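Chemist: Have a look at this one before I ask anything.
Bear in mind that the values in this text are calculations on the coordinates, not laboratory data. Note that the coordinates shown come from a computational prediction; the quantities given were computed from them, not determined experimentally. All Cβ positions, glycine included, derive from the backbone under ideal geometry; neighbour counts span all protein chains shown.
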Amino acid sequence: MDKVVGIRFRRGGKIYHFDPGDHTFKRDDFVIVHTEQGVGLGQVVEGPFPKDPRVHPKEIKTIDRPATEEEIKTHLANLDVEKDAKGYCLERITAHNLAMNLVDVEYYFDGSRIIFYFTAEGRVDFRELLKDLVRRLRTRVELRQIGIRNQAKMVGGLGGCGRPLCCASFLKNFHAVSIKMAKEQNLSLNPTKISGACGRLMCCLQYEYDTYREYKKDMPKLGKKIDIPEGRGKVIRQNVMERTVTILMEDGKEIEKHLDS
């Protein structure tokens, strides 16, 4: 059976799936692959596991070979270039008094380009900054504005649950998250309770949303008046997992009813 491995080119970056070919790879191995940007060095972060036609395309790129010691040294040297470039860029942002927040720097493996990722409230005139960077780095420079969720993915950190941020550890893509998902799960709508480190709604609100919707299909809605053997009352609470509702009777008494009994 065909196998695939997940490759990541930088910490917090998107995971791409490749065919390992005749090679045997394990997690943390460095490999050389051909990408749309040219030759790249990536690190194995998933697999190997069987190829799934429901998830993976029919044609999938093959890993060229394991990275050599020299190529790994080049990669580590590139990280030093990124660190130096980030420090210089921060210095020039301050000098030009630009309203932008530098998030990360990516230097291509072959040295052909360096990308500066930043966030900002609006448009930023960074022409003078770009001139400074080109003059200093002597390579193609790109300044790329990103969203706040991408910033959290790149920077990483811990969520309110105490675990590493989902976006920085295993999420491959961002999905739409709405306040409706929190309401459907009977969660507190306090912004501090349902917002992630990025300040947006937590990605995990989406994980159980479909399950809650399915479980609540045949449950009486909150506020609905219903008749039970004890009399007539209004639904004031739902426990979706336990399949129970709490009913406030007309005489002020609360009764909990199991829907499957």
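Chemist: Relative contact order of the chain, please, whole-number percent, based on alpha carbon pairs below 8 angstrom and at least 6 residues apart.
Modeler: So the answer I get is 11 percent.
Chemist: Out of the trypsin sites (Lys or Arg not before Pro) in the range 55-128, which ones are loop residues according to DSSP with at most 16 other C-beta atoms within 10 Å?
Modeler: Taking the range 55-128 and a limit of 16 other Cβ atoms within 10 Å, the loop trypsin sites (Lys or Arg not before Pro) found are LYS58, LYS61, ARG123.
Chemist: Once the piece of chain linking LYS180 and THR246 is laid out straight, how much longer is it, given 0.36 nm per residue of separation minus the C-alpha distance between them? Could the numbers behind the result be given before it?
Modeler: Values: separation 66, 0.36 × 66 = 23.76 nm, distance 2.20 nm.
Computed gain between LYS180 and THR246 is 21.6 nm.
Chemist: Further, regarding this structure: At 222 nm, what helix-only mean residue ellipticity would the chain give, in deg cm²/dmol to the nearest 500, using -39500 (n - 2.57) for each DSSP H run of four or more?
Modeler: On the way: 7 runs with 67 residues, N = 261.
Calculated at 222 nm, the ellipticity per residue is -7500 deg cm²/dmol.
Chemist: Another question about this same structure. Within straight cross-link reach of LYS253, meaning Cα distance under 22 Å, which lysines are found once same-chain residues fewer than 8 apart are removed?
Modeler: By straight Cα distance, LYS253 reaches LYS221, LYS224, LYS225, LYS234.
Chemist: For LYS225, what charge total do you get from the other residues with a beta carbon under 13 Å from its beta carbon, if Lys and Arg give +1 and Asp and Glu give -1?
Modeler: Details: positive: LYS221, LYS224, ARG232, LYS234; negative: ASP227, GLU250.
Taking every other residue near LYS225 into account, the sum is +2.
Chemist: Which of TYR207, TYR117 has the fewest other C-beta atoms within 10 Å, and how do the rest follow up to the most? Mind showing how you got there, number by number?
Modeler: Details: TYR207 13, TYR117 18.
So the ranking, lowest neighbour count to highest, is TYR207, TYR117.
Chemist: Provide the net charge surrounding VAL31, with neighbours chosen by a C-beta distance below 15 Å and charges set as Lys +1, Arg +1, Asp -1, Glu -1.
Modeler: -2
Chemist: DSSP loop (so not H, G, I, E, B), at most 16 other Cβ within 10 Å: list which chymotrypsin sites (Phe, Trp or Tyr not before Pro) in the range 118-177 pass both filters.
Modeler: Qualifying residues, ordered by number: PHE170, PHE174.
Chemist: So, one more: Provide THR192, THR62, THR24 in ascending order of the number of other Cβ atoms located within 10 Å of each residue's Cβ, fewest first.
Modeler: If I rank by nearby Cβ atoms, fewest first, I get THR192, THR24, THR62.
Chemist: Report, ordered by chain and residue number, the aspartates and glutamates lying within cross-link reach of LYS131, taken as a straight Cα distance under 13 Å and ignoring same-chain residues fewer than 8 apart.
Modeler: Hits, sequence-local ones excluded: GLU142.
Chemist: Considering only C-alpha atoms, what is the centroid distance from the range 210-226 to the range 1-42, in Å?
Modeler: 45
Chemist: Quick one: compute the contact order of the range 73-146, relative version, from alpha carbon pairs under 8 angstrom and 6+ residues apart, as a percent.
Modeler: Once normalised by length, the contact order is 30 percent.
Chemist: What ranking do LEU102, LEU129, LEU222 get, fewest neighbouring Cβ atoms within 10 angstrom at the top? List each step's numbers first, then the result.
Modeler: Working: LEU102 17, LEU129 21, LEU222 14.
Going from least to most buried by this count: LEU222, LEU102, LEU129.
Chemist: Filter the GluC sites (Glu not before Pro) in the range 53-124 to those in DSSP coil with at most 15 other Cβ atoms within 10 Å of their Cβ, and list the result.
Modeler: Details: sites: GLU59, GLU69, GLU70, GLU71, GLU82, GLU91, GLU106, GLU121; in loops: GLU59, GLU121.
Qualifying residues, ordered by number: GLU59, GLU121.
Chemist: Among (i) 25.7, 82; (ii) 17.7, 54; (iii) 21.1, 66, find the value of Rg and Dmax of the Cα atoms in Å that was calculated from the structure presented, and write down its label.
Modeler: Derived directly from the coordinates: (i).
Chemist: Below 8 Å, C-alpha to C-alpha, sequence gap of six or more: please give me the relative contact order for the range 3-67 in percent.
Modeler: Relative contact order, the range 3-67: 42 percent.
Chemist: Considering amide H positions built from the backbone, and no H for Pro or chain starts, which residues 5 or more places from VAL103, or on another chain, come under 5 Å of its amide H?
Modeler: TYR117, PHE118, THR119
Chemist: Take ARG127 and ASP22, extend 7 Å from each Cα along the Cα→Cβ direction, and tell me the distance between the two endpoints in nm.
Modeler: Distance between label points: 5.6 nm.
Chemist: Using a 10 angstrom cutoff on alpha carbons, build the Gaussian network for the chain and name the most mobile of ARG213, ARG135, ARG232.
Modeler: Among ARG213, ARG135, ARG232, the largest mean-square fluctuation in the Gaussian network model of the chain belongs to ARG232.
Chemist: How far, in nm, would the chain grow between ILE255 and LYS58 when pulled straight, counting 0.36 nm per residue and subtracting the alpha carbon separation?
Modeler: Numbers: separation 197, 0.36 × 197 = 70.92 nm, distance 5.64 nm.
Between ILE255 and LYS58, full extension yields 65.3 nm more.
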